[in-house]
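Note sheet for the following structure.
What follows draws every value from the coordinates through simple rules; no lab data is involved. It should be emphasised that the depicted structure is a prediction, and the values quoted were computed from it without experimental measurement. Neighbour counts run over all protein chains shown; Cβ positions are idealised from the backbone, glycine included.
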Amino acid sequence: MDERITLCGDNCIECPRYNAHSDEELKRVAELWYRVGWRNSIVSNKEISCSGCASHKQCTYNLVECIKEHNVEKCNQCSEFPCLKISDMLKRSEEYQKKCMEVCTAQEYESLAKTFFDKENNLKK
């Protein structure tokens, strides 16, 4: 299986946002992100388009800033791993997973599960 694991354990290769390129695909992702609560509104295609994790972006878990402070590329390379930020992230991810089970179609949920809900195992790789 192909993988591109982010610093927090997400698998980009499976992500609908990472794989959305047409206007229609981006619109569906924006609607999905709104439905599951990852956005407060349906955002523009430009805003929802994936530009990857980078130092210029604000991470909702504050991990981008943290890896810079600890001079590592991924959380699992840090001497403090697993830390409270990781524990918080995993707990929040469980809540997102419950919400996704409620509001997603089976196909949407499967895609999001492959992308976002195996963080802990992905971080151990």
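3J(HN,Hα) along the stretch 44-51: 5, 4, 5, 6, 7, 4, 6, 10 Hz, from the Karplus curve 6.51 cos²θ - 1.76 cosθ + 1.60 with θ = phi - 60°, whole Hz, x for Gly and Pro. Projected label points at Ser44 and Glu24, each 7 Å from Cα along the beta carbon direction, are separated by 2.3 nanometres. Rounded to the nearest 20, the size of the Cβ-charge dipole of the stretch 6-125 about its Cα centre is 140 debye, with Lys and Arg at +1 and Asp and Glu at -1. Here the extension length gained between Asn62 and Lys124 equals 20.4 nm, from 0.36 nm per residue of separation less the Cα-Cα distance.
In this rough spin-label picture, where each label sits 7 Å from Cα along the Cβ direction, the Gln97-Val72 distance is 2.2 nm. Taking the charge dipole of the chain about its Cα centre, with +1 at Lys and Arg Cβ atoms and -1 at Asp and Glu Cβ atoms, the residue from Trp33, Cys83, Ala113 reaching farthest to the positive side is Cys83. Rg/Rh for the chain (Cα atoms only, Rh after Kirkwood) is 0.96. Using Cα atoms only, what is the angle between the long axis of helix 23-36 and the major principal axis of the chain, expressed in degrees (0 to 90) to the nearest 10? For helix 23-36, the angle is close to 70 degrees. Amide H to amide H, with H built 1.01 Å from N, Arg39 comes under 5 Å of Tyr34, counting only residues 5 or more places away or on other chains. Applying a threshold of 20 Å to the alpha-carbon distances of Lys74/Lys124; Lys99/Lys125; Lys27/Lys85; Lys91/Lys114; Lys68/Lys98 flags Lys99/Lys125; Lys27/Lys85; Lys68/Lys98 as lying beyond it.
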